[in-house]
1. Which one is nearest to the chain's Cα centre (by Cα), of the residues in segment A:49-76 that are surrounded by fewer than 16 Cβ atoms within 10 Å (Cβ to Cβ) and closer than 16 Å to A:GLU103 by Cβ?
2. Failed condition for B:ILE7, given (1) among the β-branched types (Val, Ile, Thr); (2) touching a helix residue (DSSP H, G or I) at 6+ places or on another chain (Cβ under 8 Å); (3) within 13 Å of chain A (Cβ to nearest Cβ), with all others met?
3. Looking only at residues in segment B:37-48 that are within 12 Å of chain A (Cβ to nearest Cβ) and of a type in the set (Lys, Arg), which one is farthest from A:PHE244 (Cα to Cα)?
4. I'm trying to understand the selection: among the residues of segment A:1-24, which are buried (at least 17 other Cβ atoms within 10 Å of the Cβ) and among the β-branched types (Val, Ile, Thr)?
5. Mind listing just one residue for me: the one in segment A:32-44 that is farther than 18 Å from A:ILE105 by Cα and surrounded by 14 or more Cβ atoms within 10 Å (Cβ to Cβ) and, of those, farthest from the chain's Cα centre (by Cα)?
6. If you go through segment B:20-29 one residue at a time, how many are under 21 Å from B:GLU88 (Cβ atoms) and more than 8 Å from chain A (Cβ to nearest Cβ)?
Amino acid sequence: MVKLTVKQLFEMNKSRFVLSMVSNPNTFDKLITNQNINRPQLALSGYYHRFPYDRIQLLGETEIIYLNSLPDELMYNRLREIMMNNIPCFIVSKGLSVPNQMEFIANELNIAIMTSRLSTEKLFWQLTKFLREYFCQSVTMHSTFVEVHGVGILLTGKSGVGKSESALELIEKGHTLISDDVTLIKSNDETLIGMRSNLGDCIIEVRGVGFIDVAKMFGIQAVRKENKVDLQVELVHWQENKDFERLGLKDEKTAILGIKIPIISIPVSPGKNVSVIIEVIAMNQILKSYGIDASLSMQQRLAEEIQKNTELRNKK
Amino acid sequence: MLKKVIIVQNKLGLHARPCSLLVKAAGKFRSEFQIRKEKMEVNGKSILGVMMLAAEYGSELELVFDGVDEEEAMETIVNLIESCFGEE
């Protein structure tokens with residue numbers, strides 16, 4: 001589980017959200033465990049039932065104006081009631097000034113308050129985006145990740161099956177490499193994003209040759225930082241008796257971080273041109289997304305033909 | 001060389017699924033395998049070929065096997081067709 005302290009949140013977004021600390025710096029040590037944001041409007045008005053205290057509390061102009069309209073004692077009691085819960089932090093938008101009482105209670109109860117110059121809406125969405133990305137699940141896979149005709153293809157298979165060599169052939173044909181051998185995959189709601197696990201150069205290891213700097217050798221257009229993962233292609237050593245899909249009607253799926261993507265196993269044997277097959281898989285995927293499925297239409301045509309033959313037979 | 005005439009017994013005929021089962025089974029043998037239906041003759045290891053037959057229920061197929069494991073191959077293929085590919 002990734003950890004995020006209020007201090008980290010502040011430091012990482014200081015310039016982007018134009019943040020400044022209001023409460024004492026030692027109130028910024030709390031851990032943020034919930035990736036959602038709450039606007040505590042109802043709680044400020046005295047309704048504390050179901051108050052999601054473990055979320056970051058975002059105060060906009062409405063909240064601040066409302067607070068300032070309350071008599072001093074009432075404001076103190078309401079804020080104290082809210083802040084008695086273990087709130088991670090308050091963020092006030094639009095650079096609005098925080099009521100003195102609020103700052104006082106926050107320092108006393110050890111709760112961070114910061115202000116942002118951004119508008120409430122903008123801050124809400126950008127903060128949500130940041131938190132989603134920060135808390136998203138990730139996994140590293142032993143695989144090479146390429147982008148072919150806009151389709152993100154994760155190449156998997158045992159060591160020595162030819163993942164890197166296939167990637168090299170694809171680069172030669174003008175496609176792009178995202179990562180070789182180790183791919184970091186993050187889930188972003190319904191999609192998977194694959195990237196290099198370290199932010200270094202795009203290096204490929206070719207057996208017998210050693211390391212190759214892809215961007216320097218093939219040009220910057222041959223590499224890319226990240227791409228959506230559309231499907232997985234598993235390279236399997238050709239075995240005499242192993243069954244491989246012949247019709248293409250079975251839609252095999254695999255799940256990465258709980259998200260299902262199609263998986264296709266292709267046999268690899270010396271002299272077989274794997275990169276062409278991978279290009280074909282990519283183009284077939286695009287056609288399928290447009291509703292054109294050769295396997296399906298072959299199946300339908302065959303069924304029609306059999307039906308015709310049956311009718312002819314019955315007439316005889 | 002072995003020859004055998006067999007009648008397609010499953011109601012739907014040799015549609016996509018049986019074709020793929022037939023081709024997969026045939027691919028495991030080293031013998032040559034041809035299928036004849038009326039005037040057509042196709043390679044039994046080729047999915048497109050077998051589909052081209054569009055063999056309906058009740059149609060007659062002549063199976064021709066030729067090679068070192070032809071007997072075994074014939075037994076397997078005949079069993080598969082007679083078992084209606086696990087269909088009706």
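The values are calculated or read from the model by the stated rules, or taken from the named source; none is laboratory data. As the structure is a prediction and not an experimental result, all values here were calculated from the model. Note that each Cβ is placed from the backbone with ideal geometry, even for glycine, and that neighbours are counted across all protein chains shown.
1. A:ASN68
2. (2)
3. Here is the first cut: in segment B:37-48, the ones within 12 Å of chain A (Cβ to nearest Cβ) are B:37-38, B:40, B:45-48.
Retained after the next criterion (residues that are of a type in the set (Lys, Arg)): B:37, B:45.
Numbers: B:LYS37: 27, B:LYS45: 13 Å.
Out of the qualifying residues, it is B:LYS37.
4. Quick first cut of segment A:1-24, residues buried (at least 17 other Cβ atoms within 10 Å of the Cβ) only: A:4, A:6-7, A:9-10, A:13, A:17, A:19, A:22-23.
Listed by number, the residues that qualify are A:VAL6, A:VAL22.
5. We begin by selecting, within segment A:32-44, every residue farther than 18 Å from A:ILE105 by Cα; these are A:32-39, A:41-42.
Next, only the ones that are surrounded by 14 or more Cβ atoms within 10 Å (Cβ to Cβ) stay: A:32, A:34-35, A:37-39.
Details: A:ILE32: 20, A:ASN34: 18, A:GLN35: 14, A:ILE37: 19, A:ASN38: 23, A:ARG39: 26 Å.
Result: A:ARG39.
6. 3
Okay, residues lined up against (1) farther than 16 Å from A:ALA222 by Cα; (2) over 14 Å from the mean Cα position of the chain (by Cα); (3) of a type in the set (Phe, Trp, Tyr):
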residue	(1), (2), (3)
A:ILE111	yes, yes, no
A:MET114	yes, yes, no
A:VAL148	no, yes, no
A:SER166	no, yes, no
A:ILE185	yes, no, no
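Here's the yes/no breakdown for (1) more than 20 Å from A:GLU304 (Cα to Cα); (2) within 13 Å of chain A (Cβ to nearest Cβ); (3) surrounded by fewer than 18 Cβ atoms within 10 Å (Cβ to Cβ):
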position: B:LYS3; (1), (2), (3): yes, no, yes
position: B:LEU12; (1), (2), (3): no, yes, no
position: B:PRO18; (1), (2), (3): no, yes, no
position: B:SER31; (1), (2), (3): yes, no, no
position: B:ILE35; (1), (2), (3): yes, no, no
position: B:VAL50; (1), (2), (3): no, yes, no
position: B:ALA55; (1), (2), (3): no, yes, no
position: B:GLY58; (1), (2), (3): no, yes, yes
position: B:LEU61; (1), (2), (3): no, yes, no
